[in-house]
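This report concerns only the one structure given below.
Bear in mind that the values in this text are calculations on the coordinates, not laboratory data. Predicted model only: the values in this text are computed from it and were never measured. Neighbour counts are summed over all protein chains in view; Cβ atoms, including those assigned to glycine, are modelled from backbone coordinates with ideal geometry.
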Amino acid sequence: MKQLLMLFLVVHTVQAAETPIYQTSLYTGTVSLFLLLAGISIILMRGRARDRQLLQEKEEKILQLSQDNMENEQRHLQREREFEKEILKQAHTIENLELKLKEGTKNQVVSKIEELQKKRQTVQNRLAENA
C-alpha cells in the first residue's frame, strides 16, 4: 500500500509538472494511467504470491497434522487391540483355572467317596467275619 501511494504521488507530481508545459496532453495522461495500473498490478501480484505461499504452508501443515492424527489413531487402536488380547488371554486363563478347580474338586470328592466306600467295605467285611 505504501508503494502504491508513493507511485501515485510520483505520477501526480509528474503530471503537475507537465501541466503548465504541455497543457495536459493526452499522451502524458495515458502514460501516467498506464504506470499507475502497472504499479497496482505489480503490488497485487506480490500480495497474491505471498497469499499463495501462506496458503501452501497452511496446506502442508494441515497434511502434516492429518498424518500425525492418523498415526496417533493407529497407535491408539493398536494399543486397544493389545489390551483386548490381554484381557481375552486373562479371561481364558481364569476359565481354565476355574475348570481345573472344578475338576480338582470332583477328583477330591471322588477320592473321598472311594475312601468312604473302602471303609464301608472293610466294615462290612469285619461284620461278615464276626457274624
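Observations on the structure shown:
- Approximating the spin labels as points 7 Å out from Cα along Cα→Cβ, the E95-to-S111 distance works out to 2.8 nm.
- Straight-line reach from K102: taking Cα to Cα under 29 Å and skipping same-chain neighbours fewer than 8 places apart, the lysines in range are K85, K89, K112, K118, K119.
- Simple label model, 7 Å out from Cα along Cβ direction - R75 to V123, nm: 7.2
- Taken along the Cα-to-beta-carbon direction at a fixed 7 Å, the label points for K85 and L55 span 4.6 nm.
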